[in-house]
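These notes are about the structure you will find just below.
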Amino acid sequence: MRNIFCLSTLFIISTFSLHTSAQTPLKFRDTTINGSQTFAIVVGVSEYKYVRPLTYADKDAILFSDYLKSPGGGNVKDENIFTLLNDEASNSNFWTKGFQWLKAKQLQKGDKLFIYLAGHGDAIDEDQFFFLGYDCNPEGDKNNYLVSGTIQLFNLKKKIKNETAKGVEVFFIMDACRSNELPGGIAGQSFLNTAISEKKAGEIIMLATGAGQESLEDKSIGTGHGLFTYYLVDGLSGVADTDGAADYKVTFKEIQSYVDKNVPSVAEERFKRKQDPYFCCNENSDKVISNVDPVYLEKWLKTKKSQNSGGGNSFNGFFNSTTSHHFVDTILVETYNQFNRAIKNKNITGNKSAEEYFQQLAAKYPGNPYTLDAKSTLTVNYIDFAQAKVDRYLSCSETLTSKLKQENSEAAIRLEKAINYVREDDEDFANSLKGRLYLLKASGDNPSAAISFQNAYTALSIDPNGAYIQNKLALLHFDNNNKDSALFYANKAVNTAPNWKCALTTLALVQNAANKKPDNKNVKKNSPFRKVSFGATIGGGLNQSNPTYSGNANTGYIDVRSTTAPVFDLGVIAQINIGGNIFIRPSATVSFENTDINFIRRLQTGGQEITETIGLKGTNANIELPFIIQFSSKNIAPYIMLGPSFSYTVNQNATTADILPVKKSLLNGNGGFGVDIGLGKSGLSLSPEVKYTAGFSDIKDPNGTSSYAGALSSLKKNSFSFNLYLRKR
């Protein structure tokens, strides 16, 4: 009875554990295995979302993966092969999930890592070369690879170098360049293979073609495969073991010789084309690449004989995962399942969203495989959501409405979260997304144009040769009536990406607007170059005296010191255009001043200093004749001003006129800076200006006979003021 009870209990627990466990896409390295292990990242894309599809790239990836799992390939476990096919083979999945998976495997000295890529490859130049992910959207021009769904191979090389530096044996195998119809053309294929072969990172390189050639695929190869991959797997399975007596080992030299013998000859005989694979490097000649299993080899040869020509097929992508039949926290699994349901239902933010469930996982189960997988899944979702908005922009298919601006702002928020998550593990990939982030911010629902411009120029600093942001700046300037700048950036975008229809459309839009002649009514209201315009000014500031003590002790004063007092003015102005962005802005103003002077004396018996303040209050009439130099002809135009002015004292306070008279007239110099701001369709211009005025001559009247006058040898004044000018444009 007791045994029956125990068995029943065990059955119930086992059943419960099966039902409560879930797939764990991320599995850490199996530390129970001593010695080196083999791992692989395998990517194959036949179905593309935006570019010309291929036929057999996905089947080639499956063929290579199956070889690795075979006895000939080392019986590599499913959990040690990360596979992305077709719609799962996105840039975001490759970097986020792929390298999270690789990090979990904790590669060490003596391990082997195969990186196999089959699909489209292209390049801008030898420093910018790419494998095209499923969602890559270049919109006809290679420059758009900078912000579309490409896998930047330069960054992949850096990853490879990190592994080879640890003593990991890395094999980089790429069967790309299957079409020269991509935006990079034949030159792009040449750049791609040259860059991969010359920028070595300590890995063993096997490429389907030499520089500038096309990698062939056809239904007559096996059951439908790429020529290179088929003969590579054929040779590694044991057929290439032909150098001397069969020793059941395939060396680098043997596989290179076998592929070099078969691929070019079949390409020439069957397709009348040239294809010369590339292997690197000769120092690896004696390195054993594959250990031949005789039983598997015999099975492979029989399969080859029975193969019939057939069409290609396209698999839906999947991630390698294993089902865990061990006891796990049921709350963990349930939260993880709720997270995945939210992802499936596209409930990403808000109440009971994927974000909320991930935060629960991160708080309760940090570092757990379920939590890490949820993190990478959420990150991929953020990136893909943002990439869709970037693709929409690249297609130039919709007017940027308020709703679309809000979507761009939301995409930017999500992408910024993704970048923060990614940066924890992969600084390079995080940085590669920043251009897209600031493009979306510049295209978002911003409270002011200044914020849009700030984000756009930040993106330009990240990708100074990016047509995507040059075009965005052209549109922003156009929307803000800055036609010269709009034309400048539109031309740059077209020169950078001459095959991008969106850039050509923007240039045509800007050119049409620039060539359109405005009617006389608009010229009268809006032209910044009106020959003569009139207006008014008001201002205020601080007036400072600059007295010099005469040294005359008989006056009873031992010193004279400066102080400040307010000054206010108002008047009328005119602005006269004398050519280009140069103007004269004469003005006639009345100012109300109070120049304070401190006279210092000390009693004969000593003691503290005594200060007497004399306020020279008065009313002045001023004539100014400054030159204005604008730095722009746009709606908002900064300027500097410089010129003379003449001041006449109309009235001085009677009390101070008796004890300290001043000269009636004074010559001044003025300098300052301001901004002319056009006020929309009102036909008016408002100009805030900061000005410094300095007197050229002494204002003390030499006829003064009081002790105050005797204590002064000279009296000059200067002032800082802030003025506002309002005038017709």
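The values are calculated or read from the model by the stated rules, or taken from the named source; none is laboratory data. Computed from a predicted model, the values in this text were never measured in an experiment. When we count neighbours, we look across all protein chains shown, and the Cβ atoms used for this are built from the backbone with ideal geometry, even at glycine.
Per-structure values
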{"quantity": "Residue, surrounded by the fewest Cβ atoms within 10 Å (Cβ to Cβ), within region 235-286, restricted to residues that are of a type in the set (Asp, Glu) and touching a helix residue (DSSP H, G or I) at 6+ places or on another chain (Cβ under 8 Å)", "calculated": "286"}
{"quantity": "Residues located in region 26-53, provided they are among the small types (Gly, Ala, Ser) and out of contact with any Asp or Glu (no Cβ under 6 Å at 6 or more places or on another chain)", "calculated": "35, 40"}
{"quantity": "Residue list for region 60-91, restricted to those being of a type in the set (A, V, I, L, M, F, W, C) and either in contact with a helix residue (DSSP H, G or I) (Cβ under 9 Å, 6 or more places away or on another chain) or under 20 Å from residue 106 (Cα atoms) (or both)", "calculated": "61, 63, 64, 68, 76, 81, 82, 84, 85, 89"}
{"quantity": "Odd one out for residue 472 among (1) farther than 26 Å from residue 182 by Cβ; (2) under 14 Å from the mean Cα position of the chain (by Cα)", "calculated": "(1)"}
{"quantity": "Subset of region 447-470 that is without any contact (Cβ under 8 Å) to a residue 60 or more places away in the chain and assigned to a loop (DSSP other than H, G, I, E, B) - its residue that is surrounded by the most Cβ atoms within 10 Å (Cβ to Cβ)", "calculated": "464"}
{"quantity": "Region 162-190 - residue that is part of a helix (DSSP H, G or I) and farther than 16 Å from residue 108 by Cβ and, of those, nearest to the chain's Cα centre (by Cα)", "calculated": "188"}
{"quantity": "Some residue of region 216-227 being under 19 Å from residue 304 (Cβ atoms), touching a His at 6+ places or on another chain (Cβ under 9 Å) and surrounded by 21 or more Cβ atoms within 10 Å (Cβ to Cβ)", "calculated": "yes"}
{"quantity": "Total residues in region 538-583, condition part of a loop (DSSP other than H, G, I, E, B) and of a type in the set (Phe, Trp, Tyr)", "calculated": "1"}
{"quantity": "Some residue of region 318-337 being part of a strand (DSSP E or B), surrounded by fewer than 17 Cβ atoms within 10 Å (Cβ to Cβ) and modelled with pLDDT under 85", "calculated": "yes"}
{"quantity": "Tally of residues being under 57 Å from the mean Cα position of the chain (by Cα) and part of a strand (DSSP E or B) across region 679-706", "calculated": "12"}
{"quantity": "Number of the condition not met by residue 546 [criteria: (1) over 22 Å from residue 603 (Cα atoms); (2) in contact with a Pro (Cβ under 8 Å, 6 or more places away or on another chain)]", "calculated": "(2)"}
{"quantity": "The one condition in (1) surrounded by fewer than 19 Cβ atoms within 10 Å (Cβ to Cβ); (2) under 59 Å from the mean Cα position of the chain (by Cα) that residue 665 fails to fulfil", "calculated": "(2)"}
{"quantity": "Filtered residues of region 144-179 (kept if farther than 24 Å from residue 88 by Cα and not basic (Lys, Arg))", "calculated": "162, 163, 164, 165, 167, 168, 169"}
{"quantity": "Some residue of region 419-441 being under 21 Å from residue 139 (Cα atoms) and over 13 Å from the mean Cα position of the chain (by Cα)", "calculated": "no"}
